[in-house]
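Heads up, the thing below is written out as structure tokens.
The values are calculated or read from the model by the stated rules, or taken from the named source; none is laboratory data. None of the values given here were measured: they were computed from a predicted structure. No Cβ is skipped: glycine too gets one built from the backbone with ideal geometry, and neighbour counts run over all protein chains shown. Ligands, DNA and RNA are stripped out before the accessible areas are found, and what is left, the full protein with its side chains, is counted by its heavy atoms. Shrake-Rupley method; radii C 1.70, N 1.55, O 1.52, S 1.80 Å.
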Amino acid sequence: MPDVTTGVRRRAYLLWAVAALAYAVDLGTKLAVVAKLEGRTTVSVLGDWLVLRVQRNPGAAFGMGAATTIVFTLVATAVVVVVARYSRRLASTPWAVALGLLLGGALGNLTDRLFRTPGDFQGAVVDFIAVRDFSVMNLADWAITGGCALAVVLSFRSSPMTVTAGAGARAPRA
């Protein structure tokens with residue numbers, strides 16, 4: 001009989017590795033973009049279809065909710081806590097990847113909310129990937145979107161997210 005605890009531990013490590021990679025790439029790109037592009041004209045990547053343009057966003061996607069920045073800070077904090085708790089009993093590798101992307105993206109945008117101007121849990125997120133006629137985003141947003149899309153697919157496939165106590169593993173302590 002395979003050791004369920006070892007599998008759960010491996011998946012937890014994978015989740016945290018994916019989260020760390022997504023977070024590091026997001027943070028690195030934001031630091032580079034702010035240092036090199038902020039206050040400058042746009043940089044064309046694919047004609048006018050995809051450009052790099054620094055934009056500070058106090059709200060959510062598409063600039064919605066700019067007056068309620070602290071709510072997004074609290075939501076991101078809740079996501080981090082919930083994903084961390086689930087990481088201790090993951091049942092599948094795809095769920096580890098999905099939740100890792102979600103966690104890394106949430107941490108990336110949460111870092112902006114905590115440490116960028118104006119501060120006090122209300123910092124504006126640095127967005128810089130502008131897709132024509134759509135939105136301006138950052139890599140944290142792409143990680144969150146990818147993680148959520150994968151989670152939806154896994155849910156429709158009825159892929160279990162967590163190992164239950166009756167599946168041969170001890171239930172983790174809260």
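Summed over qualifying helices (DSSP H, 4 residues or more, each -39500 (n - 2.57)) and divided by its residue number, the chain shows a 222 nm mean residue ellipticity of -19000 deg cm²/dmol. If you line up the long axis of helix 93-115 against the longest principal axis of the chain, both from Cα atoms, how many degrees apart are they, to the nearest 10? Once rounded, the angle reads 40 degrees. Using a Gaussian network model of the chain whose springs link C-alpha atoms within less than 10 Å, name the residue from 56, 157, 116 with the highest mean-square fluctuation. With Cα springs under 10 Å in the chain, the top fluctuation among 56, 157, 116 is at 157. Residues whose amide H lies under 5 Å from that of residue 137, counting only those 5 or more places away or on a different chain, are 128, 129, 130, 131; hydrogens are built 1.01 Å from N in the peptide plane. Modelled this way, with points 7 Å down the Cα-to-C-beta line, the labels at residue 10 and residue 32 are 3.3 nm from one another.
Between helix 4-37 and the chain, what is the angle of the helix's C-alpha long axis to the longest principal axis, kept within 0 to 90° and rounded to the nearest 10? So the helix axis and the longest Cα principal axis differ by about 10 degrees. Both the radius of gyration and Dmax for the chain are 18.0, 61 Å, in that order, over alpha-carbon atoms.
Most mobile of 91, 32, 130 per a Gaussian network model of the chain (Cα springs, under 10 Å)? Per the Cα network of the chain with a 10 Å cutoff, 32 tops the list.
Site pair residue 43 and residue 152 shows an inter-label distance of 3.1 nm when each label is modelled 7 Å from Cα along Cα→Cβ.
Here's how it looks for residue 91: its modeled amide H is under 5 Å from those of 162, 163, which are all 5 or more places away or on a different chain.
In this Cβ point-charge picture (+1 for Lys and Arg, -1 for Asp and Glu), the chain has a dipole of about 620 debye about its Cα centre. Rg to Rh ratio, segment 98-169, alpha-carbon atoms and Kirkwood radius? Computed over Cα atoms, the ratio is 1.15. Result for the chain in a Gaussian network model with C-alpha springs under 10 Å: among 152, 125, 33, the largest mean-square fluctuation is at 152. Heavy-atom surface analysis with a 1.4 Å probe gives the chain a carbon and sulfur content of 66 percent of its accessible area.
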